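A.B. asks: My questions will all concern the structure given below.
The values are calculated or read from the model by the stated rules, or taken from the named source; none is laboratory data. Predicted model only: the values in this text are computed from it and were never measured. Cβ: placed from backbone, ideal geometry, glycine included. Neighbour counts: every protein chain shown. Side chains are part of the model used for accessible areas, which takes the heavy atoms of the whole protein and leaves out ligands, DNA and RNA. Shrake-Rupley method; radii C 1.70, N 1.55, O 1.52, S 1.80 Å.
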Amino acid sequence: MKYIRVNLLKWTKVVTLLIIVSYSYGQNTKLFIELPVLSYDINSHPNLKDGLNSYYFNKIYIPNLRIGINRKLLYIGIETYSNVIHNLDYPISLGDIIWSSIDSYSLLIGLEKEIEKISARLNVGLTYNDSSLGVYRSSSIHDWELKLCYGFNPIGPLISTNLKYEVFKKFNLRLNVRLNPMLRSFQRSRYSCPLDFLDHDRIHYMIAQLAIGYDINL
């Protein structure tokens, strides 16, 4: 509970800061709130399946969402995203990845161009994966007994695009496409992995989202 309270307090401060900064820029500033309705994940690993994301909250119950501010062409925002991607092939051999977990927080900076009810935005940013890991089968004594090995890769770059269509007043539909390239392979955990288990599996993620949004003029 203490961990949850600390993280909720941290996110409350971030959102408050975004609102304060947006007010300081005057009436031309907008506050954007986006909530994904559908998310489809594609990854580069041949044994991990692609598909719709059924994870709507992370481990401390923060939903997948995006909050940002926009003034003229400049956009600054934060994003949370969670998912677990499972292996397609069974049975899984020793050393094979069993699943990959995404529990990310991202900072976005972008440029947005708006023409009447339609706008387009290109973003770059940085993603921190709070519990992003690869889970591997490292050894077993019996067929029914499994020992897990964990690999981590906490920080990586982010590229995304956003298309918005205003449906009714300040409500809109958004299409987000996000790419998270992995610059280095998962780093094995020395506490769970045997010494001969080397770093491997560089997995790139692409996420396509249909989201509903609400814009607030400040």
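A.B. asks: Do the conditions hold for Ile102, that is, is it at negative phi, assigned to a strand (DSSP E or B), surrounded by fewer than 19 Cβ atoms within 10 Å (Cβ to Cβ) and hydrophobic (A, V, I, L, M, F, W, C)?
C.D. replies: When the stated conditions are applied, Ile102 does not pass them.
A.B. asks: Which residue pairs have Cβ atoms under 6 Å apart, sit 6 or more places apart or on different chains, and have a first residue in segment 188-203 that is closer than 18 Å to Leu146 by Cβ and a second that is at pLDDT below 80 and hydrophobic (A, V, I, L, M, F, W, C)?
C.D. replies: Going by the 6 Å Cβ cut-off, the qualifying pairs are Arg188/Phe197.
A.B. asks: What residue, of Leu148, Leu158, Leu173, is over 28 Å from Asp96 (Cβ atoms), in contact with a strand residue (DSSP E or B) (Cβ under 9 Å, 6 or more places away or on another chain) and part of a strand (DSSP E or B)?
C.D. replies: The match here is Leu173.
A.B. asks: Of all residues in segment 188-209, which are closer than 23 Å to Gly125 by Cα and either touching a Pro at 6+ places or on another chain (Cβ under 7 Å) or open to solvent by 80 Å² or more (accessible area, probe 1.4 Å) (or both)?
C.D. replies: Across segment 188-209, the qualifying residues are Arg202, His204, Gln209.
Let's see how each residue does on (1) modelled with pLDDT of 90 or more; (2) open to solvent by 50 Å² or more (accessible area, probe 1.4 Å); (3) of a type in the set (A, V, I, L, M, F, W, C):
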position: Leu122; (1), (2), (3): yes, yes, yes
position: Ser132; (1), (2), (3): no, no, no
position: Lys147; (1), (2), (3): no, yes, no
position: Leu173; (1), (2), (3): yes, yes, yes
position: Phe186; (1), (2), (3): no, no, yes
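A.B. asks: In addition: Filter segment 83-93 down to residues that are touching a Lys or Arg at 6+ places or on another chain (Cβ under 8 Å) and under 25 Å from Tyr40 (Cα atoms) and give me whichever is most open to solvent (accessible area, probe 1.4 Å).
C.D. replies: In this case the residue turns out to be Leu88.
A.B. asks: Sticking with this one: Could you check how many residues of segment 34-84 are of a type in the set (Lys, Arg) and in a strand (DSSP E or B)?
C.D. replies: Matching residues across segment 34-84 total 2.
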